[in-house]
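The values are calculated or read from the model by the stated rules, or taken from the named source; none is laboratory data. Note that the structure is a prediction, hence the values are computed from the model and not measured. When we count neighbours, we look across all protein chains shown, and the Cβ atoms used for this are built from the backbone with ideal geometry, even at glycine.
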Amino acid sequence: MKPNGGQSRKTERLTALVALTLLLFCPPLIIVVDRLPSSNAGWLPFYLFLAWAVVIGLAAWLMEHRARR
């Protein structure tokens, strides 16, 4: 059974979200963020919290957008 255009588009968006999540939490990027020069507080906790918030926000938006149709 072939999915309709709207369902296919949603699947593509969710796949893109998974790819973005994998990119944001890949170890080389986390190491780079961890080694940024800082004054007192490290950047790693801020980066992880912000990246996780972005992923959760985008997932919520995609799922809410999905429920309307």
Open item on the list: I need the full set of residues from the range 8-27 which are under 17 Å from Ala60 (Cα atoms) and free of Cβ contacts under 8 Å to residues at least 12 places away in the same chain, in order please.
Closed with: Arg9, Thr11, Glu12, Thr15, Ala16, Val18, Ala19
Open item on the list: Criterion first (at pLDDT 90 or above and surrounded by 12 or more Cβ atoms within 10 Å (Cβ to Cβ)) does Val54 satisfy it?
Closed with: yes
Task: Number of the exception - Lys10 against (1) surrounded by 15 or more Cβ atoms within 10 Å (Cβ to Cβ); (2) modelled with pLDDT of 90 or more - done: (2)
